[in-house]
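Written out below as structure tokens is the structure these notes cover.
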Amino acid sequence: MTDLTRLTAAALADAFAAREVSAVEATQAHLDRIAAVDSDVHAFLHVDVDGALATARAVDDARAGGTAVHPLAGVPIAVKDLLATNGLPTTCGSKILQGWIPPYDATVVARLKVAGLPILGKTNMDEFAMGSSTEHSAYGPTRNPWDLGRIPGGSGGGSAAAVAAYETPLAVGTDTGGSIRQPGAVTGTVGVKPTYGGVSRYGLVALASSLDQAGPVTRTVLDAALLHQLIGGHDPLDSTSIDSPVPAVVEATRRADVSGMRIGVIAELGGEGYQPGVRARFDDVVALLSKAGADVVEVSCPSFDYALAAYYLILPSEASSNLAKFDAMRYGLRVAPDGVEVPSAEEVMSASRAAGFGDEVKRRIILGTYALSSGYYDAYYGSAQKVRTLIARDFDAAFEEVDVLVSPTAPTTAFRFGDKLDDPLAMYLNDIATIPANLAGVPGLSVPSGLADEDGLPVGVQLLAPALAEDRLYNVAAAIEAMLAEQWGGPLLAQAPELEVRT
Ligand code: GLN
């Protein structure tokens with residue numbers, strides 16, 4: 001019998017429809033895989049064996065009884081531990097939320113449940129989604145299935161590693177500055193940051209509300225489109241949700257034709273600071289796109305040079321305000337201050353926040369509070385907002401000339417644990433190419449582009465399109481995926497070493 005964990009979500013859906021496989025069999029296969037490899041990979045913070053199997057059973061019963069179900073019903077999925085899940089722990093990778101069980105579902109989670117996707121569990125992440133390696137998780141890092149001595153990217157390294165390690169065919173991530181796309185690039189998986197407002201933020205624990213966006217993490221472009229279609233669309237519970245239909249991403253994926261498309265290589269992204277193997281694989285993809293009939297030109301987006309600096313003022317400012325709610329009064333960790341017999345509320349808050357937040361979170365709260373303080377607001381936060389406008393204008397100008405922009409997704413392949421942990425700036429630079437899309441609210445997609453010669457590790461190419469033009473991203477990504485599969489004789493992930501199975 002085929003190993004069900006190797007099937008894509010689309011293939012599983014077909015197998016269910018043909019009555020060849022049951023949802024319980026598929027879910028059990030993935031739970032077994034998690035039991036066999038996750039002690040090494042550590043993609044999951046929480047696995048919900050009973051809940052996942054109960055959903056699968058209900059789907060099988062519905063199908064057996066002739067009830068119409070969603071095509072993806074029964075396809076297992078993992079959810080980043082930043083989305084609220086009713087009855088299941090939600091920690092955001094932080095000690096401050098240890099033991100918190102939300103009393104409600106994020107809209108994305110609710111949509112998965114209505115469609116009957118068994119939720120396998122919650123995936124690891126950098127604390128409150130701050131980081132590029134999962135090393136900032138309070139519960140220990142996730143390991144990259146390509147090399148267990150290396151990081152899986154971050155903050156959503158758990159979701160990406162779970163998909164790359166065949167623990168789940170689908171996962172949901174969130175991307176505030178690159179946390180879906182950069183993990184995708186360094187694990188050889190597909191990651192999509194939808195248009196801001198395209199997928200509901202209701203029930204996402206906010207990092208930076210003007211930048212956060214949930215999206216698909218998968219092994220194929222088609223699977224990403226199927227998941228995008230399901231979780232996207234208007235939500236009255238999110239005041240920034242866009243009231244328009246989800247772009248036709250599944251149809252676009254099936255088209256996979258770039259002939260006549262205008263594709264712009266971003267001049268500012270891909271030069272100095274990018275590993276040679278990253279650049280080489282990027283150049284290969286650009287050459288393939290030209291050969292397939294795309295009209296490739298170079299486009300300059302001069303303000304992108306300031307994107308990282310602007311982001312590290314806007315994000316900490318919003319984060320410092322969003323994280324103020326973790327005050328030990330209503331939920332989460334509460335710590336009694338040392339040596340105080342009857343502590344004041346302020347003393348409890350202070351002791352709890354000191355014990356509950358990690359170093360990176362504290363660094364950003366301090367930075368954000370400073371940037372927003374009176375006397376500094378205009379110089380820091382205000383200037384950063386102006387840069388943000390310039391970046392949006394660069395995108396507007398570029399999209400007058402081209403349909404899609406391309407760049408490498410991340411400047412390097414997966415690095416070793418500890419390599420960047422003591423150097424915040426080096427960590428921040430991982431998102432140099434992904435951040436502009438968050439600042440402007442436009443959609444971005446990372447698709448595998450090959451292996452770097454120097455270390456044999458996966459590399460990704462990033463595609464960017466105007467707001468609500470995700471169909472262009474899926475069309476181009478599907479074309480790239482098909483052309484590269486022809487070269488490699490199959491999916492890139494097939495090149496990854498087999499993980500040791502522990503019983
Ligand atoms: N790595 C970036 C940061 O630390 C992006 C985070 C994210 O997208 N959640 O802010």
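Results, tabulated for the structure shown:
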read-out: Three-way shape call for segment 1-152 based on the alpha-carbon gyration tensor, with the a/c threshold at 1.5; value: oblate
read-out: Gain on full stretching of the segment that runs from GLN495 to ASP32 - 0.36 nm per residue minus C-alpha separation; value: 164.4 nm
read-out: Centre separation in Å (Cα based) which lies between segment 50-84 and segment 330-349; value: 42
read-out: Gyration tensor (alpha-carbon) shape descriptor, segment 131-242, a/c threshold 1.5; value: oblate
read-out: Leading residue at positive end of dipole, segment 403-478 (Cβ point charges), from SER446, ASN430, PHE417; value: SER446
read-out: Residues of segment 449-492 with amide N under 11 Å of a point placed 7 Å along Cα→Cβ from LYS291; value: 483-484, 486-488
read-out: Kyte-Doolittle at least -0.5, axis length at least 18 Å by Cα - qualifying DSSP helices, the chain; value: 23-41, 49-64, 276-291, 307-322, 359-372, 383-401, 470-488
read-out: Inter-centroid distance (Cα atoms) of segment 273-294 relative to segment 429-463, Å; value: 12
read-out: Accessible surface of the chain, 1.4 Å probe, proportion on carbon and sulfur as whole %; value: 53
read-out: Along the chain, longest interval not containing exposed trypsin sites (Lys or Arg not before Pro), exposed being DSSP loop plus at most 11 other Cβ atoms within 10 Å; value: 20-329
read-out: Bridge type composition, segment 1-150 - antiparallel percent by DSSP, nearest 5; value: 55
read-out: Gyration tensor (Cα) of the chain, equivalent ellipsoid semi-axes in angstrom; value: 32, 30, 21
read-out: Positive-end residue, segment 271-321 charge dipole about Cα centroid, Cβ charges, pick of PHE304, ALA287, ILE314; value: ALA287
read-out: Formal net charge of residues neighbouring ARG353 (Cβ-Cβ distance under 9 Å; K, R +1; D, E -1); value: 0
read-out: Surrounding net charge for ILE101, when Lys and Arg each add one and Asp and Glu each subtract one, Cβ distance under 14 Å; value: -1
read-out: For the chain, accessible area per residue (1.4 Å probe, heavy atoms of protein chains only), Å²; value: 36
read-out: Theoretical FRET efficiency, 1/(1+(r/R0)^6), r = Cβ-Cβ of ALA62 and ARG262, R0 51 Å, to 0.05; value: 0.65
read-out: Rounded to the nearest 10 Å², the accessible area of ASP422 at probe 1.4 Å; value: 140
read-out: Options GLY93, HIS42, ALA13, ranked by Cα towards positive dipole end of segment 1-108, top entry (Cβ charges); value: GLY93
read-out: Helix-only mean residue ellipticity at 222 nm for the chain, each DSSP H run of n ≥ 4 adding -39500 (n - 2.57), per residue, nearest 500; value: -12000 deg cm²/dmol
read-out: Cα gyration tensor, segment 353-437 - rounded (a/c under 1.5), prolate or oblate; value: oblate
read-out: Entries of LYS80/LYS113; LYS113/LYS325; LYS95/LYS420; LYS95/LYS386; LYS193/LYS291 with Cα pairs more than 25 Å apart; value: LYS113/LYS325; LYS95/LYS386; LYS193/LYS291
read-out: Residue range of the chain that is longest and free of GluC sites (Glu not before Pro) which are both DSSP loop and sparsely packed (at most 13 other C-beta within 10 Å); value: 21-271
read-out: Distance in nm between pseudo-label sites at HIS234 and GLN487 (7 Å out along the Cβ direction from Cα); value: 4.3
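The values are calculated or read from the model by the stated rules, or taken from the named source; none is laboratory data. As the structure is a prediction and not an experimental result, all values here were calculated from the model. Backbone-built Cβ (ideal geometry, glycine too); neighbour counts: all protein chains shown. For accessibility, only protein heavy atoms count, side chains too; no ligands or nucleic acids. Shrake-Rupley method; radii C 1.70, N 1.55, O 1.52, S 1.80 Å.
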